[in-house]
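Worksheet for the structure shown next.
We did not get these values from a lab; they are worked out from the coordinates using the rules stated. Keep in mind that what you see is a predicted model, and the values were worked out from it rather than measured. Cβ: placed from backbone, ideal geometry, glycine included. Neighbour counts: every protein chain shown.
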Amino acid sequence: MTTPTTPTTIAATPPTAVPGAAWVGAWRGTVTQGREKYVALVHIHAAKLGEEFATAEYAPLGCSTAWTLTEATPEHLAGRERVTRNTSTTCINGDFTVDLREDGTILFDWGRSVATGILTRE
């Protein structure tokens, strides 16, 4: 006679939320695009790959965006920016990267150097 066994369920480990604490919060900085300069305000929160992890406002341009996370390491994030509000024709969807620098600031690079800037934690 055999003893019935209870099936064992192994729970899958949920994906780790990123970005980490070094990224989460409000950031502000000047972005340069050609000869034009404007202020960006970015709010980053924890998310998983494929999810929205930040919002950005470019007040002088009259637009706001949502950022979806496509790649993440402790010092580097990449994503897709989607326009959510646009009162002018200057804002478009596109790809970007942000890199956490040793001094605690973020290097923002949109469209492979079409627009770049340094963001500082608020």
Rg from C-alpha atoms of the chain, normalised by the globular rule of thumb 2.2 N^0.38 Å, equals 1.40
The orientation-averaged projected area of the Cα convex hull of region 44-97, in nm², is 3.6
Per its Cα gyration tensor (rounded if a/c is under 1.5, else prolate when a/b beats b/c, else oblate), region 70-122 is best filed as prolate
Stretched fully, the stretch from E102 through E36 gains (0.36 nm per residue minus C-alpha distance, one decimal, in nm) 21.1 nm
Place a point 7 Å from the Cα of A26 in the direction of its beta carbon; the residues of region 103-122 whose amide N falls under 15 Å from it are 120-122
